[in-house]
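So that we are looking at the same thing, I have put the structure below in structure tokens.
The values are calculated or read from the model by the stated rules, or taken from the named source; none is laboratory data. All values derive from a computational prediction rather than experimental measurement. Virtual Cβ from ideal backbone geometry, glycine too; neighbours counted across all protein chains shown. We work out accessible area using only protein heavy atoms, side chains counted, and drop any ligands, DNA or RNA first. Shrake-Rupley method; radii C 1.70, N 1.55, O 1.52, S 1.80 Å.
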Amino acid sequence: MPVLGMQQQGAPTSTQASFGVENPPEALLSFLDLLVYSFERMWNGKSERILAGMRRDRYLAIVLFVVVCLSATPFALQPKPTDTGDGLNPILHYISTGWDTLTRSMSNCESVVDPKLAEASILYIPAHSPVPDVLRQLQKHCKVEVRELPVSITGPGQVTTNITPPGLLYLENSYVVPGGRFNEMYGWDSYFIVRGLIEDKRVALARGMVENFFYEIEHYGTVLNANRTYFLTRSQPPFLTSMIMAVYEAEKAAGKDDRDLLVKGYQYASQDYEMWNRDPHLAGDTGLSRYYDFGNGPAPESLKDETNFYRKVTGYFLLHEAGRNYVSVLDGASSEAEVGKAYAVQVCDVARTMAQPDCEPTREVSLIADYYKGDRAMRESGFDISFRFGPYGAATHHYAPVCLNSLLYKTEKDLQKISEILKHKKDAERWEQRAQQRRERIQKYLWDAHRGMFFDYNLDTSARSTYEYITTFYPLWAGIATQEQAEAVRHNLEVFERPGGLAMSNRDNAVQWDYPYGWAPTQLLAIEGLRRYGYNKDADRASYEFLSTVAENFRRDGTIREKYNVATRSSEAHVAAGYQQNVVGFGWTNGAFLALLHALPPEMVSRLAKEQHTPSAPGQ
């Protein structure tokens, strides 16, 4: 029978051995990430700068040397905990000291390196801005080049092409990054990091991060996906007002009622909010909003950080009807620069003998521009990659999402509250009205009474999706759901609940934001949503499942990871396409762990502490 073959143009036809240096196994990649993180804790990140310029096949050669060195060197990373009777103290100490390890500053040479790209380190400042003294020292001592952005940016979408060479965008204050391999401050990660910093009494650092977002809005147009030039075209899920209120309330509890933070926060947050409420972020005529990246073509970070991702996507689309509209046959008139890479496709008979099989002529194909729009919008959503918005998120920009619109409702309610605190009555009334309008639209377009869940709305088919996803809990967290709706969603908890916590979905598509993976931020939002409506028993159980999973894996290897397999209660990640690592750190897991732990009843905290004296089952 005929088979469909595909290879990237110019790529060798032979395959590497599965354990070759070009394709090291996932366990080894995770180990290498751990080595980088360990060096960073010992030497303030110097190893990351060294390894950033190397290909994986080069630093595989030094692994044995590194291991020998580590055996004779004080290992600043927490060692694998033993049964010392300390309960939760080892993991809490790891988190507490980890904030410093994960903190970056523009006065630090290592903070301006991008380990995901091979180019030399460039640090960009806003156009027509004087070079701060700290950056002059950075140029002098770190061999870092400081450049001005080519244009002044006063709003989102003004930069739609890649700035070359890419580089870090300057921020005034220190900030906490997600994990050891990152040097940039991420948008929605930062909310959960801020929550953790506040729990750990690091309020000043949390406030500095919030003020960094004010700086981004003023000088880079919006709250960015992260402070890199290739992220100037998109934002991330809007948590800014949630961060502002978290810091304000923490300072107020400590005796500092700083209305200036609210005044400044209101100015920037209301400005940033408007981006989501005008084209191209409007979701058709629903009155709701959508994710949308102003850029075009392949996402730059994916080309460097996700090996052969677009080729895998193309292969999937050719073999599945749902994706074939995203593939175009090239006739020679199309420009590869406009459509991304071209791939060769050939249909041949299956070789049953030694004879050369017969084949049809090779044709060239590429992914169309609309696919790349969807791919970029998916990255703005933060859920990269899931099949929630179609295979590989290709139709993300064709949906009104539950998550985004719930967060915008929360933003409107926060701005109402800030206006009330500042005694701006008319503003408060206006925000209350906008929130009520969005709530009504969410009820109309996103609530499915028959299935008892909130679903994303497909703008092309004018119908709700049927893809069950953990974001159905967002309207509970934001306070949108009625009590009856919350009860229906709670009744569907079994769709997501697994031994290790709440899975993103119940569909295994071999990508990281679907089953069987559970992520700290969505655990926290779902569990807090359940608590908001009085379902504390369910919230306690789900919280304990995830906390005990994180703690069990910490006992096993002394690390906290960005995601967990909640079906097996492990940190194993077998992702077939897209970003495939499970990074050590990890900022939002640390923050969510503290927030969930502190909301757990004392008797369950005691139980969790006693559980830490139980040896972990090997190989789980």
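Among the listed residues Glu562, Glu572, identify the single one that is under 16 Å from the mean Cα position of the chain (by Cα) and among the acidic types (Asp, Glu).
Sole residue among the options that is under 16 Å from the mean Cα position of the chain (by Cα) and among the acidic types (Asp, Glu): Glu562.
Kindly list the number of the only condition in (1) surrounded by 24 or more Cβ atoms within 10 Å (Cβ to Cβ); (2) in contact (Cβ under 8 Å) with a residue 40 or more places away in the chain; (3) more than 23 Å from Gly479 (Cβ to Cβ); (4) touching a Lys or Arg at 6+ places or on another chain (Cβ under 9 Å) that fails for Tyr399.
The single condition Tyr399 does not satisfy is (3).
Still on this model: Restricting to segment 293-314, and then to whatever is in a loop (DSSP other than H, G, I, E, B) and in contact with a strand residue (DSSP E or B) (Cβ under 9 Å, 6 or more places away or on another chain), can you tell me which residue is nearest to Val329 (Cα to Cα)?
Pro298
Quick one: Arg531 ticks every box in (1) over 23 Å from Glu494 (Cα atoms); (2) open to solvent by 10 Å² or more (accessible area, probe 1.4 Å); (3) assigned to a helix (DSSP H, G or I) except a single one, so which number is it?
Unmet for Arg531, out of (1) over 23 Å from Glu494 (Cα atoms); (2) open to solvent by 10 Å² or more (accessible area, probe 1.4 Å); (3) assigned to a helix (DSSP H, G or I): (1).
Let's see how each residue does on (1) of a type in the set (Val, Ile, Thr); (2) part of a helix (DSSP H, G or I):
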residue	(1), (2)
Thr461	yes, no
Tyr467	no, no
Thr472	yes, yes
Pro475	no, yes
Ala481	no, no
Ala486	no, yes
Val489	yes, yes
Asn492	no, yes
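Quick check on my filter: what residues within segment 315-329 are open to solvent by 10 Å² or more (accessible area, probe 1.4 Å), under 26 Å from Ala400 (Cβ atoms) and assigned to a helix (DSSP H, G or I)?
Answer for segment 315-329, where residues must be open to solvent by 10 Å² or more (accessible area, probe 1.4 Å), under 26 Å from Ala400 (Cβ atoms) and assigned to a helix (DSSP H, G or I): Tyr316, Glu321, Ala322, Arg324, Asn325, Tyr326.
With the structure loaded, tell me whether Glu218 is surrounded by fewer than 22 Cβ atoms within 10 Å (Cβ to Cβ) and out of contact with any Phe, Trp or Tyr (no Cβ under 9 Å at 6 or more places or on another chain) or whether it fails that test.
no
Turning to a different aspect of this structure: Under 8 Å between Cβ atoms, at least 6 apart or on separate chains: pull out the pairs that start in segment 497-526 with a residue that is within 17 Å of Val583 (Cβ to Cβ) and charged (D, E, K, R) and end on any residue that is part of a helix (DSSP H, G or I) and at pLDDT below 95.
Listed by first residue and then by second, the contacts come to nothing, as the list is empty.
Let me ask another. Residues in segment 572-601 that are polar (S, T, N, Q) and either closer than 24 Å to Asn308 by Cβ or in a strand (DSSP E or B) (or both): how many?
The total comes to 3.
Hey, which of the helices (runs of 4 or more DSSP H) in segment 187-282, taking only ones fully inside, have at least 2 residues that are among the charged types (D, E, K, R) and without any contact (Cβ under 8 Å) to a residue 60 or more places away in the chain?
Numbers: elements: 187-199, 203-220, 240-253, 259-275.
The helices (runs of 4 or more DSSP H) meeting that bar are 203-220, 240-253, 259-275.
The rows are residues; the columns are (1) within 26 Å of the chain's Cα centre (by Cα); (2) closer than 28 Å to Ala577 by Cα; (3) open to solvent by 10 Å² or more (accessible area, probe 1.4 Å); (4) among the hydroxyl-bearing types (Ser, Thr, Tyr).
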position: Gln346; (1), (2), (3), (4): no, yes, yes, no
position: Phe387; (1), (2), (3), (4): yes, yes, yes, no
position: Tyr392; (1), (2), (3), (4): yes, yes, yes, yes
position: Ala395; (1), (2), (3), (4): yes, yes, yes, no
position: Asp414; (1), (2), (3), (4): yes, no, yes, no
position: Lys417; (1), (2), (3), (4): no, no, yes, no
